[in-house]
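Below you'll find the structure, written out as structure tokens, and then a few comments.
The values are calculated or read from the model by the stated rules, or taken from the named source; none is laboratory data. Not measured: the values here are computed from a predicted model. For neighbour counting, all protein chains shown are included, and Cβ atoms are generated from backbone atoms with ideal geometry for every residue, glycine included.
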Amino acid sequence: MQAIQVRRQATVPSSRQAGLRRGHSLATLQLLSCFQRPVRILATLKHFVSCLYFLIMCFLYFTTSPTDSRAMLAYAQTPVGVLMGVFAALHFHGLVQATCRRRRRSTAGGSFRGGWSILARHLAPSTQLALFHGCDVMCQSYQAYHNSFYLVDRMSAFGFSVVVALNCMVTPWFLLSRHKVIHASVVPLVESFLGFLVSTLFQSVVFLAPAIRFTIDHHVKHDTPFTTRLILLGRCMLVSSPLDLVTKFAIQFSSYATLHKLVQSFAAGAHRPAKTSPSTAHDSTTSSRVQTHFQLDFRHHRLLVVYALASTTWGIALVSYSATATWHREACPATCLYAFAPWWTSTCQCGYVMLNCDATMSNDTDDVVVVDALLRPDQLGTMLFCIDIQRCALPHGIPLATLAPFQNLYDLHITFSNMTDWEPGPLVSTDAKFPPSLMALSIRYSKLTVVPTIFRTLPVNMAYLRLEGASIPAIPDTFYRAWETIPWIALNNLNLTSFPAALDGSTLEQLELRGNRIDVMPKDWLPPAPMTLIDLSANTLVDGPWSWAKHGRVLELSSNPILTCNNIDPTYLTTRYVVLDDTPYCASSLGVDCQSKCNSLCQTKMIGDGRCDWACFSDKCSFDGGDCDSLGFT
């Protein structure tokens, strides 16, 4: 009997052993307990911020005008907008799961586990993690390289690279742990945190904050340095190509998937407690057992060791590339406001150059020669994105040969130039053209009497054209037909005597004809459906084109001698879709929502909008709210 009892004691496991087989060890539970609260906080915070971020991005993709999308090189705008909405829904679902403490949440995500079942049959869990980590790191590395060509804030670009490098140098070493709990919990925790930084938080701070400011802050609407920087950020953060779509999607999905795996891992562990005797709860060796979870096994994970070394080397290389591009390059001239820091270059790569001849040059200097000398690619590089020339005497414009090296040029501003004509320049063929990348061209306050011939062959990507402050009473129809594909056209203060009826482009979104002498509107001209603004203020109209009014389209008719408007829905006036400020109708009508103007040519919204408007530069108009101070007008 005694022998039978001994054998029974030897074959029947103790309660402690049975509990450990059915659940986690005490050391594992202690480790999971240490990370339980940080994981819950990270999951809630990440799901909340990500859901909000993707909702805003979805809104931007669906509400941004086609013209602005073209300027920011947005790729597949509608499908990507739908994808942003899907990510918002996923994170909202994750937020609900993270905040609702239900026991059944441990079974959620079975479809995710089923999705990896094929890989699970052929690859070990640690190998799967290494594979997905490698793909994630490659996509993040591409985005770090991509950022260096668009971000003029070098520290932001460098910070992004540092986070990617940390993911390369830290995460793989946890795969060498002896315990699977590190693979299933700590690795996703590290990846999820670093992925949150590069996939959501970085974009929210760097791009969404200035985008929201542009939407709500009137003072930066036409501030060229601010809008230029915002467009560059848009080109960087929005999807701009198929490769960009693949890498951005991979980063976002990986960030979500690792968080999902992390939450499920801790939820499962929390519901499988080990059955131990009371004495083991205070085992003095528990701490040492927890430490063994982080011991690395180099002998049995040689392939993972090779991967960890390669990943660490790549992380060091990333930081080296970014640091070299940020701090070890030639200084740009003082005229360069923004500069890029692309990898594997060491010369100045200016993005925004501002030339104010009155402020920086003597009176006996030929401004044409000076401007040509300051726009040299050997000094500024070839990535120039915006040229802003102010108060420079350029009677014949800028030779197109001077602009030819800058094939990345997006915006060209020439203000107060005394320009009388603009020819291609000496030794340049008569069919010379602007750089094909040019999308915005603004000539303001010149001495032009006719539209320069080179404006007949503008680049096909041209999106914003502004001619303002000259004496051009008539523009031939050939120019209007050449501008049919340009969505935003402003022909202000030109003394035009007739409406440009030949301008019937179907893509026209905004048309400004402020401060001309137009007295009759064509009856057979209808605005295209996408048009959101028609500015006919400060003309000589006695009757408005009331049939053009509709909700969502602003018809600006202020400072015209309009006496009556009987054929219009009164709600258009109260909602200010039809604006009749400073008209006889406003002066004689009661209950009409009209606002005063300091000058017939100066709309209230033009004061303090970041752009110098000469018509607003008077004491009565508060000297344009300081917009002309940067040009030297005080």
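Just one of (1) among the β-branched types (Val, Ile, Thr); (2) buried (at least 18 other Cβ atoms within 10 Å of the Cβ); (3) touching a Ser or Thr at 6+ places or on another chain (Cβ under 8 Å) trips up THR532, so point out which.
THR532 satisfies every listed condition except (2).
Within the range 563-589, track down each residue that is of a type in the set (A, V, I, L, M) and either under 42 Å from the mean Cα position of the chain (by Cα) or within 19 Å of LEU496 (Cα to Cα) (or both).
ILE568, LEU573, VAL578, VAL579, LEU580
Out of all the residues in the range 64-87, which are of a type outside the set (Phe, Trp, Tyr), buried (at least 18 other Cβ atoms within 10 Å of the Cβ) and either modelled with pLDDT of 95 or more or in contact with a Cys (Cβ under 6 Å, 6 or more places away or on another chain) (or both)?
Selection gives VAL80, GLY81, LEU83, MET84.
Which residue is farthest from PHE253 (Cα to Cα), if the candidates are limited to the range 61-103 and must be among the small types (Gly, Ala, Ser) and over 18 Å from the mean Cα position of the chain (by Cα)?
My answer is ALA98.
What tally of residues in the range 507-527 results from selecting those that are touching an Asp or Glu at 6+ places or on another chain (Cβ under 6 Å) and assigned to a loop (DSSP other than H, G, I, E, B)?
1
Out of ILE454, ILE489, ILE475, report the one residue that is buried (at least 18 other Cβ atoms within 10 Å of the Cβ), among the β-branched types (Val, Ile, Thr) and closer than 25 Å to SER65 by Cα.
ILE489
One line per residue, one yes/no per condition, for (1) among the charged types (D, E, K, R); (2) outside the structural domain of GLY544 (by TED's automatic domain parsing):
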residue: CYS386; (1), (2): no, yes
residue: ASP411; (1), (2): yes, yes
residue: ILE414; (1), (2): no, yes
residue: ILE443; (1), (2): no, yes
residue: VAL451; (1), (2): no, yes
residue: MET462; (1), (2): no, yes
residue: ALA482; (1), (2): no, no
residue: THR485; (1), (2): no, no
residue: ASN493; (1), (2): no, no
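Name the residues in the range 382-428 that are on the phi > 0 side of the Ramachandran plot and free of Cβ contacts under 8 Å to residues at least 40 places away in the same chain, would you?
Within the range 382-428, ASN418, GLY425, LEU427 meet the criteria.
Within the range 395-414, how many residues are out of contact with any helix residue (DSSP H, G or I) (no Cβ under 6 Å at 6 or more places or on another chain), assigned to a loop (DSSP other than H, G, I, E, B) and over 17 Å from ALA440 (Cα atoms)?
Total satisfying the criteria: 3.
Considering every residue within the range 43-63, establish whether at least one is under 25 Å from ARG213 (Cβ atoms), crowded, with 21+ Cβ neighbours inside 10 Å and polar (S, T, N, Q).
The answer is yes, given that some residue of the range 43-63 is under 25 Å from ARG213 (Cβ atoms), crowded, with 21+ Cβ neighbours inside 10 Å and polar (S, T, N, Q).
Somewhere in the range 517-525, is a residue farther than 21 Å from LEU580 by Cα, in the same structural domain as THR574 (by TED's automatic domain parsing) and surrounded by 14 or more Cβ atoms within 10 Å (Cβ to Cβ)?
Looking for residues that are farther than 21 Å from LEU580 by Cα, in the same structural domain as THR574 (by TED's automatic domain parsing) and surrounded by 14 or more Cβ atoms within 10 Å (Cβ to Cβ), one finds at least one in the range 517-525, hence yes.
Within the range 366-380, is even one residue in a strand (DSSP E or B) and either assigned by TED's automatic domain parsing to the domain that holds ARG466 or surrounded by fewer than 17 Cβ atoms within 10 Å (Cβ to Cβ) (or both)?
no
Does at least one position in the range 538-558 carry a residue that is touching a residue at least 60 places away in the same chain (Cβ under 8 Å) and buried (at least 18 other Cβ atoms within 10 Å of the Cβ)?
yes
Please go through the range 407-424 and give me each residue that is of a type in the set (Ser, Thr, Tyr) and more than 16 Å from LEU355 (Cα to Cα), ordered by number.
Answer for the range 407-424, where residues must be of a type in the set (Ser, Thr, Tyr) and more than 16 Å from LEU355 (Cα to Cα): TYR410, THR420.
Run ALA393 past the list (1) within 23 Å of ARG456 (Cβ to Cβ); (2) surrounded by fewer than 22 Cβ atoms within 10 Å (Cβ to Cβ); (3) among the small types (Gly, Ala, Ser) and report the number of the one that doesn't hold.
(1)
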